[in-house]
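What follows is one structure encoded as structure tokens, with my remarks underneath.
Read-outs: derived from the displayed coordinates by stated rules, not from any lab. The structure presented is a predicted model; accordingly, all values stated were derived computationally and were not measured. Virtual Cβ from ideal backbone geometry, glycine too; neighbours counted across all protein chains shown.
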Amino acid sequence: MTTQYESIPSEDGRTFKAYVSQPEVPNGHAVIVLQEIFGVTKHVRDIADRFAEDGYLAYAPDLFWRLEPGVELTHSKEDMQKAFSFVERYDDADGMADIRSTAKHIRALTEFNGKVATAGLCMGGRLAFLAAGLPEVQASVGFYGVGIEGQLGVTENLKQPLMLHFGSEDPYVSTGAREQITAALSPKKVVIYVYPGANHGFYTRGSEDDIKLARERTNRFLEHALAG
């Protein structure tokens with residue numbers, strides 16, 4: 001694969017950066033990787049690279065560009081406080097705008113004629129859930145999306161195939177929250193998986209077995225959803 005950064009035109013005429021991972025053997029489709037609360041960190045870039053290894057053109061846009069462009073935070077106490085302060089100020093509507101802008105940028109690429117999916121982690125998992133209601137997106141995958149239970153009022157707007165992954169021991173997505181999500185989304189035939197013993201962040205920092213299983217499930221889901 002090859003990697004680079006590209007500038008994406010925003011809907012208000014400005015630009016923001018995205019990490020791009022290009023596959024050696026493209027399958028014709030693209031995945032927009034939606035970051036955790038720490039920014040487009042190495043963990044997020046590794047997820048983009050993982051999608052590229054599986055044939056997808058992967059874009060990881062900087063969703064915090066309006067707050068602090070290019071921020072990459074650690075799990076230190078100071079950085080955790082900063083990350084949570086970003087989340088408190090972050091507007092999901094800005095995320096939807098940036099997803100639309102990134103999808104538009106991808107579709108304008110020479111020789112790209114495929115479909116576009118989103119895949120998000122933590123905060124990005126919630127945005128992936130919401131993106132299932134965007135016409136610019138053909139499928140969405142959310143990993144341990146925080147706050148989805150507070151957004152269930154938009155369920156009727158979800159038109160695209162959606163898969164959600166959760167860890168059973170996630171302190172940020174409780175059992176009660178997962179039950180609310182499952183009850184609300186079951187009529188929409190959303191695919192939901194819970195990984196026994198897995199914690200928050202398991203897709204980047206969990207067991208190899210859970211990562212492998214979630215990756216296989218995601219690829220099967222996207223292959224089917226984007227083929228239709």
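Tell me which label goes with the value of P(r) over Cα pairs in 10 Å bins from 0, in percent computed from the coordinates here: (1) 8, 30, 32, 19, 8, 2, 0, 0; (2) 8, 33, 38, 18, 3; (3) 8, 37, 39, 15, 1.
(3)
Just subtract the alpha-carbon distance of residue 75 and residue 24 from 0.36 nm times their residue separation and send over the number in nm, one decimal. Kindly include the intermediate steps, with their values, before the conclusion.
Details: separation 51, 0.36 × 51 = 18.36 nm, distance 3.27 nm.
Answer, rounded to one decimal: 15.1 nm.
Of all DSSP beta bridges in the chain, what percent run antiparallel (nearest 5)?
Values: 14 of 36 bridges.
That works out to approximately 40 percent antiparallel.
Between residue 182 and residue 68, with labels modelled 7 Å along Cα→Cβ, what's the label distance in nm to one decimal, could you check?
Between residue 182 and residue 68, the simple spin-label model gives 3.8 nm.
Expressed in nm to one decimal, what extension gain is obtained for the pair residue 174 and residue 92 from 0.36 nm per residue of sequence separation less their Cα-Cα distance?
Values: separation 82, 0.36 × 82 = 29.52 nm, distance 2.13 nm.
Here the answer is 27.4 nm.
Once a ≥ b ≥ c are taken as the square roots of the eigenvalues of the Cα gyration tensor of region 125-228, is the result rounded (a/c under 1.5), prolate (a/b larger than b/c) or oblate (a/b not larger than b/c)?
On the way: a/c = 2.00, a/b = 1.19, b/c = 1.68.
Oblate.
Report the number of Lys pairs in the chain whose alpha-carbons are under 26 Å apart, with separation of 8 or more residues or on distinct chains.
18
Could you please state, rounded to a whole Å, how far the C-alpha centre of region 105-128 is from the C-alpha centre of region 138-212?
Using only Cα atoms to place each centre, the spacing works out to 18 Å.
Suppose R0 equals 35 Å. What FRET efficiency, 1/(1 + (r/R0)^6) with r the Cβ-Cβ distance, do residue 6 and residue 84 give to the nearest 0.05?
Result of the calculation: an efficiency of 0.75.
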